[in-house]
Amino acid sequence: MDGFGTDCHATTVGFTVLTINPRGDDGTVGSGPSAPVLELRHVAKSFGHVVALRAVEMRVYSGEILALVGDNGAGKSTIVKILAGVYQPDDGEIRVRGTVVRRMNPRMAGLSGISTVFQDLGLVETLDVATNMYLGQPLTRFGIFAKRAAMYRGAAITLRDLQVRVPSVRIPVAELSGGQRQSVAVARAILVDHPIVLMDEPTAALGVRETRQVGKIIDNLKDMGKAVVIVSHDLEFVLEHADRVQAMRLGSVRGVRRRRDFNREEIVGLITGLVAGDDPSQARGDHLEVRS
Amino acid sequence: MKERLASPEGVPAREAKRAQSAPIAAGSDVAEVALPATAIAWHEKAKGSASLAVFAVIVAFTLVGFTRSDQFYNYLTWSNILTTGSFTGIVACFEGLLMIGGGLDLSVGSAFLAGVMSGTALSYHGWNDFVAFGAAAGIGAGIGLVNGLIVNYGHIASFITTLGTMFAIEAIVVTLTGGQPIGPLSASFTRVGDGSIGPVPIMLLYMVGIALCAHVVLEYTTLGTQIRAIGGNREAASATGVNTQRLSTILYVLCGLFAALAGVLQASYLGAGDPTLGASLNLQAIAAAIIGGVSMYGSIGTVIGIVLGSVLLSVLTTGLILMRINPGMQDFVVGVVLIMAAGADRMRRQRMIRVSRARQIEIDEGAAT
């Protein structure tokens, strides 16, 4: 750990408070060094009759990588989209550095220091690489004119620092390979230098080498003291890079494990439901009544 | 490797070559990486430029015209062609901008007509020109606002919404004016759109000025980038904090505003308000934009292309008359040009996909070896 790692935090995830946390973490949010930089409390979200999230809790600290794992429909991507301000939660609250963010939207997420790499990448295919990287955070002259040359340069330097190779930052994203698009999407999230980075399936479209490269980038982000949330199907990747793993199933949190407690079989069990969750009531959402 | 790229995956050799010309291996272990800001060569840009193609067609058609009709040597012919093209051009600029932003407005002809009739009616009844032009533009903006609000906040498809407003506005205008032309108009009113500065028709200057503004906005401002972004991937644009609904609504407002302004300028040019004006403009504006390289799928297109598309339409319609081609066949020619332009748009997009695929194969092979 680099002084920022999770091991220095004597806290764990909120919903386990009443049942399994013997150390008496009271779940309160303070302003001390161990306070979570990003927190979800009782967040629920439905799409029509489909319940995507029920009373989900999540905490992320600076300088750590939290991985959300789960099967399709577990609600991982929904969490990312809520944090990015794309979806509004039906219930619950989002706290950034202890402050409740009442109405999260993409702009607010940016102002709160959250940047996101979406699973569908969120790139505009017809725009060039540099313009995509600066979309939503353009360099401007007099506030309205785009400083294109500076953006081309900045994009090129960022990509070079990440050791990502694209033929040119001036070609449209539509002409890139899957891995290159992924790299551009990751580079865009890094370009802003926000303290919180969310990544939805960062390795989905990638080959072995490209996956290793993205892993390196994620580790770098952690070393820079950023809080990183990754959503991934790739359990090997997750176990290699994450400091904590939060297992989700059918819209509920089934358990959170720290690096030293990683047990592949148990995590797979939590994901598939073969291993009972830490708090069975979580699945029904009735722990809400238990909590104060 | 070249052979494999060229044949079984169905990637033609030239795309493979294009992908290879700057070899890449995303996430390679190479520590030293070249600065990937390489400029695109001018001939690569020119190859994909719709404006250049349209310009070439205009030149070619004109050259043929010189051999077929003496009228092509006449200054008045060109003054007429460029003035007619200017009216279409002003409307098409903002129709095109809207299409680049992923919208569509079929009601520009009606907004144009509303501009014609409201401007002339006010001028006829003694209001000063400033009020007449301002009110016409304001009415156009109002029509655009209604379109924009219904499409973006009412979530009704732009095609249907603007088709509806097209009929509705035309009906209102015809009812209010009784379908009668308005005129004659004061000399000061007609001076605005008629005449020329030196040999250059004043309408052409208006159009160039307006188009220049649109060009600067689209190419040099962050707003222009946002317009392309909402046309290319609305969700992605929204996720980066662009207020997509508001921006799209603004584009509808501009579209209506400049359509009506072009209308009142044409009334000024003609010296009367004719309720039959603008009928063909709906499709002409869209055709000019597409001929000029605006993509039907949004995001792609330039103002220069749109202006050249408008001029080409005007050159074709006037030129074919001068060449004594059967008037019935004029629309045929315009139709063929339109479909060819749409085909070019599709080919452009297909090429992007092929280049991407060639690149993917190369990376896969690089990882395998």
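Readers should treat all values here as calculations from the given coordinates under stated rules, not as data from a laboratory. Not measured: the values here are computed from a predicted model. No Cβ is skipped: glycine too gets one built from the backbone with ideal geometry, and neighbour counts run over all protein chains shown.
Worth pointing out:
- For segment B:35-105, the square roots of the Cα gyration tensor eigenvalues, ordered a ≥ b ≥ c, give a/c of at least 1.5 with a/b no greater than b/c, which places it in the oblate category.
- Radius 15 Å from Cβ of B:Leu205, net charge of other residues (Lys, Arg +1; Asp, Glu -1): 0
- Over segment B:257-329, volume per residue of the alpha carbon convex hull, in Å³: 125 Å³
- Assuming charge only on the beta carbon of Lys and Arg (+1) and of Asp and Glu (-1), the dipole of segment A:128-187 about its Cα centre is about 200 debye to the nearest 20.
- Using a simple spin-label model with pseudo-atoms 7 Å out from Cα toward Cβ, A:Asp219 and B:Tyr297 lie 3.9 nm apart.
- Rounded if a/c under 1.5, otherwise prolate or oblate - the protein assembly as shown, Cα gyration tensor axes: prolate
- Alpha-carbon radius of gyration plus Dmax, which is the widest Cα pair, for segment B:50-354 in Å: 19.0, 62
- Principal axis extents of the Cα atoms in segment A:128-187, from largest to smallest and rounded to whole angstrom, are 35, 22, 17.
- A cut-off of 5 Å between modelled amide H atoms, ignoring neighbours fewer than 5 places along the same chain, links A:Val253 with A:Glu57.
- Candidates B:Gln266, B:Gln284, B:Gln350, ranked by Gaussian network fluctuation over chain B, Cα under 10 Å, top entry: B:Gln350
- Helix B:75-100 axis, angle to chain B major axis (alpha carbon atoms, nearest 10°): 60 degrees
- Rounded, prolate or oblate (a/c below 1.5 giving rounded, otherwise prolate when a/b exceeds b/c) for segment A:66-141 by Cα gyration tensor: oblate
- Long-range HN-HN contacts of A:Gly92 with modeled amide H, under 5 Å: A:Ala44
- Placing a label point 7 Å from the Cα of B:Leu283 along the Cα-to-Cβ line, no residue of segment B:148-181 has its backbone N under 13 Å from it.
- On the basis of the beta-carbon distance and an R0 of 30 Å, A:Arg258 and A:Ile157 show a calculated FRET efficiency of 0.25.
- With a cut-off of 11 Å between beta carbons, the residues surrounding A:Ser115 carry a summed charge of +1, where Lys and Arg count +1 and Asp and Glu -1.
- Axis of helix B:281-291 versus longest Cα principal axis of chain B: the two differ by about 30°, to the nearest ten degrees.
- Extension gain (nm, one decimal) between A:Arg209 and A:Asp91, 0.36 nm per residue minus Cα-Cα: 38.4 nm
- For B:Leu106, the shell of other residues with beta-carbons less than 13 Å away shows a net charge of -3, using +1 for Lys and Arg and -1 for Asp and Glu.
- Alpha-carbon centroid distance for the pair segment B:264-307 / segment A:156-198, whole angstrom: 39 Å
- Between the beta carbons of A:Ala150 and A:Thr99, assuming R0 = 35 Å, the FRET efficiency works out to 0.60 to the nearest 0.05.
- When each of A:Asp200, A:Asp193, A:Asp278 is scored by the number of other beta-carbon atoms lying within 10 Å, the sequence from fewest to most is A:Asp193, A:Asp278, A:Asp200.
- With a Förster radius of 45 Å applied to the beta-carbon distance between A:Phe47 and B:Phe55, the computed FRET efficiency rounds to 0.35.
- Relative to the current alpha-carbon distance between B:Ile325 and B:Glu235, full extension at 0.36 nm per residue lengthens the span by 27.6 nm.
- Percent of C-alpha pairs per 5 Å bin, segment A:143-258, short to long: 2, 10, 20, 21, 18, 13, 7, 4, 3, 1
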